[in-house]
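No lab work stands behind these numbers, since they all come straight from the coordinates. Nothing here was measured: the structure is a model prediction, and the numbers come from that model. Positions of Cβ are generated from backbone atoms using ideal geometry, with glycine treated the same way; all protein chains shown enter the neighbour counts.
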Amino acid sequence: MNSLGTMKNLDRPVISVTRVSKRFGAVTAVDQIDLTVNAGEIHALLGPNGAGKSTTLNCVLGFLHPDAGRIEVAGFDTVTHKPDARAQLAYIPEQVALYPQLTGYENLDYLSRLAGHVRSAGELTGILERVQLQPGAIHRRVNTYSKGMRQKVGIAVALAKNAKALILDEPTSGLDPSASYEFSQLIKELAAQGSAILMATHDLFRAQEDAHRISIYNSGKIVRSIGSELINEIDLEQTYLQQCREAEVC
Amino acid sequence: MLMASFQKEWLLFRRDGRLVWLLLTLFTMMLLGIASSSYQYQQAQLLKTQTQVAERDRWLNQGEKNPHSAAHYGVYLFKPETPLAVIDPGASGYLGDVLFLEAHKRNTPVFANSQDSIELQRLGTLNPAAILQLLLPLFVILCGFGFFAAEREQGTLRMLLLSGKTPRQLFLQKAAALLSFSLLFLLPVTAYCGLMLFTNGDLDSYRLIGMGLLYFGYVIFWILLTLSWLRYFLDIAHPGSFHGYQNSAAILDGAAHFLGRHLIDNSQAGN
């Protein structure tokens, strides 16, 4: 079993964001955000465009430096121990970035070896089969893949590098319902095996279906945080719209 | 890890038909350059030897004279060429390689090829040195910029950084791959020099090694100059982490500025 399968330390935050702020000139994109994602937890970030979700994710990934506050991934500070923190992360954006001239198998092999995990051909094929990439596509070039297939390879990369945390930015945007469902099942499977998942999305239905915790952003702040005990109890759409109206953004 | 990147870059290189064709074209030009340069060298050597024999005959048959008159009679001297001139003919084509030596006069060398050439030919003929000095940098720039522009355009630069590797490690991987592509150009030249070294006793091995190191340094210089732009790409994705290469780029910028200023100043002074 992959080391993602470990169920230890489920209550210990893998991702910890403490009073983080990020400004771009006069605009405060993220304002004193606090959030945590434990092992095995899916934490969904909802909010209108420009609310600060992606900025938060970029800070966690180390692509942006917070102006204030601290972010840790598996105990590594994302500013002072950036390579160590990044080694624990996998990132699946709306459009997964892969080498179009390489096959899915070659992409996985390279990115896995780059992360220091040399795997046999059988293991790599096994991982790609596990994420339900069609057998005929494994040795086909990525430039012939659909968006859903690319995302499966993205998840395979996360599995191959034994990532402790997954950062997803609008992962189901543009996917058909069937591909969205398949993706959602894979994410839930990863979480069940101990991965911490932080996901920014506009898909309220998927957020309610998949997430253990939902944070609603507005104007750079978390205006509402909903725990697992309430997620299925509330009308998420109405709650979301109400939060937006209150901030006069939507 | 280095091997993984190396294999990936070669795979991408092979699958990018344009680069393969470009490399094949330049490689063929290099082989043609060696063949053409070798033929010209042999023809020039033959002509030079025949002329030297004739000149020696002329000198010996000038008749009875006192030494001073003989000195005024003069003699032609021919600059010796080593087989390395096949690779890099140096400045002989511009400075001339025959000197008329006579008493009381300081003549300049004559018979420079450039004297009889149109201006376009002065830019360089098809010889290995011209290909290495003029075309190789273009290849390095084309490949080097492709390395990072493509990574950035495709978004794969973020995937690379998320592997947990530092920008320094990524820089070295790219530099090693680019160096390996560039060194392909030196293969025909190296093969020719190796052949000469074993078959021609006149070849000065120290000079050969020196020339090889100079060209190697030249390739490294262009690779560093090209990849110093990596600081720009990586600084965007990885802020505040690339000061070392900013410094190296600043040194190269400074060197280019210094050379440019002095060359321009000198040329203006010459005018």
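Report, as an integer, the average count of C-beta atoms from other chains found within 10 Å of each Cβ along A:115-127.
Values: counts 7, 5, 1, 3, 0, 0, 0, 0, 0, 0, 0, 0, 0.
Mean partner shielding for this stretch: 1.
Between B:Ala149 and A:Thr144, how many nm apart are label points set 7 Å from Cα along the C-beta direction?
Inter-label distance under the simple model: 2.8 nm.
Between region A:146-216 and region B:126-149, what's the alpha-carbon centroid distance in Å?
Result: 44 Å between the Cα centres.
So how far apart, in nm, are the two label points at B:Thr125 and B:Glu55 if each is 7 Å from Cα heading toward Cβ?
Result: 1.9 nm between the two label points.
Any idea what diffusion coefficient the protein assembly as shown gets from Stokes-Einstein, in µm²/s, Kirkwood Rh on alpha carbon pairs, 37 °C, 0.692 mPa s? Walk me through the numbers before you get to the answer.
On the way: Rh = 27.8 Å.
Answer, rounded: 118 µm²/s.
Residues with amide H under 5 Å of A:Leu64's amide H, sequence separation 5 or more or different chain, H placed in the peptide plane at 1.01 Å from N; which?
A:Cys59
Can you compute log10 of I(q)/I(0) for chain A with the Debye formula, treating each Cα as one identical point scatterer, at q = 0.14 Å⁻¹?
With no solvent term, the Cα-only Debye profile gives -0.92.
Aspartates and glutamates within cross-link reach of B:Lys48: Cα-Cα under 12 Å, excluding same-chain residues under 8 positions apart?
Straight-distance partners of B:Lys48: B:Glu81, B:Asp97.
Report, in degrees rounded to the nearest 10, the 0 to 90 angle that the Cα long axis of helix A:147-160 makes with the longest principal axis of chain A.
80 degrees
So how many Å³ per residue does the convex hull of the Cα atoms of region B:38-122 work out to? Spell out each step's value before the answer.
Values: hull volume 8.8 nm³, N = 85.
Each residue corresponds to 104 Å³ of Cα convex hull volume.
Computed FRET efficiency, Cβ-Cβ of B:Leu184 and A:Glu233, R0 45 Å: what is it to the nearest 0.05?
On the way: r = 66 Å, r/R0 = 1.47.
My answer for the efficiency is 0.10.
When the helix-only estimate is applied to the protein assembly as shown (DSSP H runs of n ≥ 4, each -39,500 (n - 2.57), divided by the residue count), what is the mean residue ellipticity at 222 nm, nearest 500 deg cm²/dmol?
-17000 deg cm²/dmol
Over all residues in B:160-171, what is the mean tally of Cβ atoms on other chains that come within 10 Å of each residue's Cβ?
Mean partner shielding for this stretch: 6.
Give me log10 I(q)/I(0) at q = 0.16, 0.17, 0.23, 0.28 Å⁻¹ for region A:95-162, Debye formula, one equal scatterer per alpha-carbon, no solvent.
-0.41, -0.47, -0.90, -1.38
Which whole number of Å³ per residue matches the convex hull of the alpha-carbon atoms in region B:65-115?
Numbers: hull volume 4.0 nm³, N = 51.
Dividing the Cα hull volume of region B:65-115 by its residues yields 79 Å³.
When you count, for each residue, the other Cβ atoms within 10 Å and take the mean per peptide, how do A:130-136, B:126-132 rank with the highest first?
Highest-to-lowest ranking by the protection proxy: B:126-132, A:130-136.
Go through region B:5-92 and name the GluC sites (Glu not before Pro) that are in a DSSP coil and have 10 or fewer other Cβ atoms within 10 Å of their Cβ.
Qualifying residues, ordered by number: B:Glu64.
If the limit is 25 Å between Cα atoms, which of A:Lys147/B:Lys8; B:Lys65/B:Lys105; A:Lys147/B:Lys174; A:Lys147/A:Lys221 go over it?
Details: A:Lys147/B:Lys8 23 Å; B:Lys65/B:Lys105 19 Å; A:Lys147/B:Lys174 28 Å; A:Lys147/A:Lys221 31 Å.
Exceeds cut-off: A:Lys147/B:Lys174; A:Lys147/A:Lys221.
First measure r as the distance between the Cβ atoms of B:Val20 and B:Ile220, then evaluate 1/(1 + (r/R0)^6) with R0 = 22 Å and state the FRET efficiency to the nearest 0.05. Display every interim value, and only then the final one.
Details: r = 24 Å, r/R0 = 1.08.
Computed FRET efficiency for B:Val20 and B:Ile220: 0.40.
If I fit a long axis through the Cα atoms of helix A:121-130 and take the longest principal axis of the Cα atoms of chain A, what angle between them do I get, 0 to 90°, rounded to 10?
Approximately 40 degrees, to the nearest ten.
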